[in-house]
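Written below as structure tokens is the structure these notes are about.
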């Protein structure tokens with residue numbers, strides 16, 4: 001897919017009174033959904049917006065042209081010069097190594113292994129050997145980590161980014177997520193700071209501060225969802241809490257909107273289920289943890305236990321919602337009582353958001369390992385069961401050992417079980433309407449998703465804070 005780069009370039013924009021220019025520099029189109037309501041709000045207030053992407057996603061993600069047309073914004077590719085040059089590859093490897101050295105002791109094994117994929121073979125193989133032999137202390141010693149971070153913070157800014165920023169002439173530069181070693185949003189932020197232009201970074205998702213890389217330079221302001229992320233920014237990234245603002249989670253604003261619910265029978269028919277049927281929604285997680293196809297076994301075990309249970313009335317179908325990044329093994333799955341949902345994309349359009357909303361509200365309950373779906377379910381007040389897999393042979397690789405998963409469990413709004421088979425009695429109780437955690441869900445949503453007020457969209461809060469920077 002070829003990016004549709006903006007035309008009509010000018011060196012300086014004559015700004016109308018009170019009108020600001022916001023330059024959003026994002027990793028890829030797939031994450032635009034996290035900031036779309038913020039961009040829409042800024043545009044509705046008369047501000048100008050340009051969005052630049054570092055990477056191009058698969059064909060099922062929104063295209064540059066779609067975003068430009070729907071929101072009346074200019075869209076461009078982030079200008080990096082030649083990213084294939086040896087110097088560019090060295091920059092990415094250095095940043096990856098700085099993150100690896102800093103977080104190695106805090107990451108569980110699954111994250112350490114995943115991070116190795118960011119390195120070229122010449123670096124990855126020695127690191128793998130160090131992991132196996134216990135010599136990793138050579139790399140992750142505190143002094144080594146500090147030295148790598150210092151070097152990474154002083155990498156020259158690509159001249160192409162400086163030139164692009166001069167063309168855009170922004171009032172504020174907004175970057176996200178800025179913590180992957182192979183993305184260059186951080187350089188746009190550094191260019192803004194060097195030019196005296198206010199910069200802001202957005203915590204893209206609740207797992208980003210603990211499962212991804214470092215901020216290789218602190219922004220002028222960092223906007224996060226909640227107080228949990230304020231602590232993570234300080235403890236994991238050494239970012240001064242004084243520059244961190246809590247604004248809530250704009251990506252979940254659509255779940256608070258009225259009028260999205262479809263008639264139940266008609267919706268079930270769109271799923272390929274009986275109008276009077278019932279289902280339990282299983283959310284597949286990403287490949288992180290159990291790997292490609294790793295959850296197929298869990299679904300088989302869970303479906304077998306559901307069929308063996310004595311349900312009052314109709315036995316529910318186990319409806320599997322695939323993760324867009326973990327689709328291997330599901331296409332030909334043939335298990336009695338299991339139905340694989342055709343929709344598997346991110347909620348990146350209004351149609352897909354409505355489909356996911358209804359998939360949640362019409363389910364008896366939600367179960368699985370997908371933490372995003374747990375938060376979705378809490379917002380629409382549907383009960384969810386998290387599989388911890390403790391004591392199971394899959395336990396070493398389970399996502400439940402990750403910090404962001406543990407933080408959701410600690411919030412108290414989820415039912416938790418160890419094994420897939422243990423989930424069935426809990427799901428049966430929830431399906432019968434015996435749900436004791438509704439109050440905890442409401443408290444969690446107010447504290448975690450909309451800490452600035454349940455009736456106030458997080459996108460409006462963030463847009464207001466960004467406008468105050470200019």
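The values are calculated or read from the model by the stated rules, or taken from the named source; none is laboratory data. These figures come from a predicted structure and were not determined experimentally. Here the Cβ positions follow ideal geometry from the backbone for every residue, glycine too, while neighbour counts run over all protein chains shown.
Among the residues here, residue 198 qualifies as surrounded by fewer than 21 Cβ atoms within 10 Å (Cβ to Cβ), touching a strand residue (DSSP E or B) at 6+ places or on another chain (Cβ under 6 Å) and farther than 26 Å from residue 286 by Cα. In segment 420-434 there is no residue that is crowded, with 18+ Cβ neighbours inside 10 Å, under 17 Å from residue 207 (Cβ atoms) and in contact (Cβ under 8 Å) with a residue 24 or more places away in the chain.
Annotation: of all residues in segment 435-453 being in contact (Cβ under 8 Å) with a residue 24 or more places away in the chain and over 22 Å from residue 363 (Cα atoms), the one that is surrounded by the fewest Cβ atoms within 10 Å (Cβ to Cβ) is 447. Quick check on residue 135: is it in a helix (DSSP H, G or I) and more than 25 Å from residue 403 (Cβ to Cβ)? Answer is no for this residue.
Yes/no matrix, rows are residues, columns are (1) in contact (Cβ under 8 Å) with a residue 12 or more places away in the chain; (2) in contact with a strand residue (DSSP E or B) (Cβ under 6 Å, 6 or more places away or on another chain); (3) surrounded by fewer than 21 Cβ atoms within 10 Å (Cβ to Cβ):
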{"site": "314", "(1), (2), (3)": "yes, no, yes"}
{"site": "317", "(1), (2), (3)": "yes, yes, no"}
{"site": "320", "(1), (2), (3)": "yes, yes, no"}
{"site": "325", "(1), (2), (3)": "yes, no, yes"}
{"site": "332", "(1), (2), (3)": "no, no, yes"}
{"site": "346", "(1), (2), (3)": "yes, no, no"}
{"site": "356", "(1), (2), (3)": "yes, no, no"}
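For segment 240-269, the set of residues classified as in contact with a strand residue (DSSP E or B) (Cβ under 8 Å, 6 or more places away or on another chain) and either in contact (Cβ under 8 Å) with a residue 24 or more places away in the chain or surrounded by fewer than 20 Cβ atoms within 10 Å (Cβ to Cβ) (or both) consists of 243, 245, 246, 247, 268, listed by residue number.
Need a quick list: helices (runs of 4 or more DSSP H) entirely within segment 191-303 having at least 2 residues that are under 25 Å from the mean Cα position of the chain (by Cα).
Helices (runs of 4 or more DSSP H) meeting the threshold: 208-211, 227-237.
Within segment 31-84, the set of residues being at pLDDT 90 or above and over 23 Å from residue 186 (Cβ atoms) comprises 37, 40, 41, 43, 44, 45, 46, 47, 48. Any residue that is surrounded by fewer than 16 Cβ atoms within 10 Å (Cβ to Cβ), within 23 Å of the chain's Cα centre (by Cα) and either outside the structural domain of residue 308 (by TED's automatic domain parsing) or within 30 Å of residue 259 (Cα to Cα) (or both) - is there at least one of those in segment 392-409? There is no residue in segment 392-409 that is surrounded by fewer than 16 Cβ atoms within 10 Å (Cβ to Cβ), within 23 Å of the chain's Cα centre (by Cα) and either outside the structural domain of residue 308 (by TED's automatic domain parsing) or within 30 Å of residue 259 (Cα to Cα) (or both).
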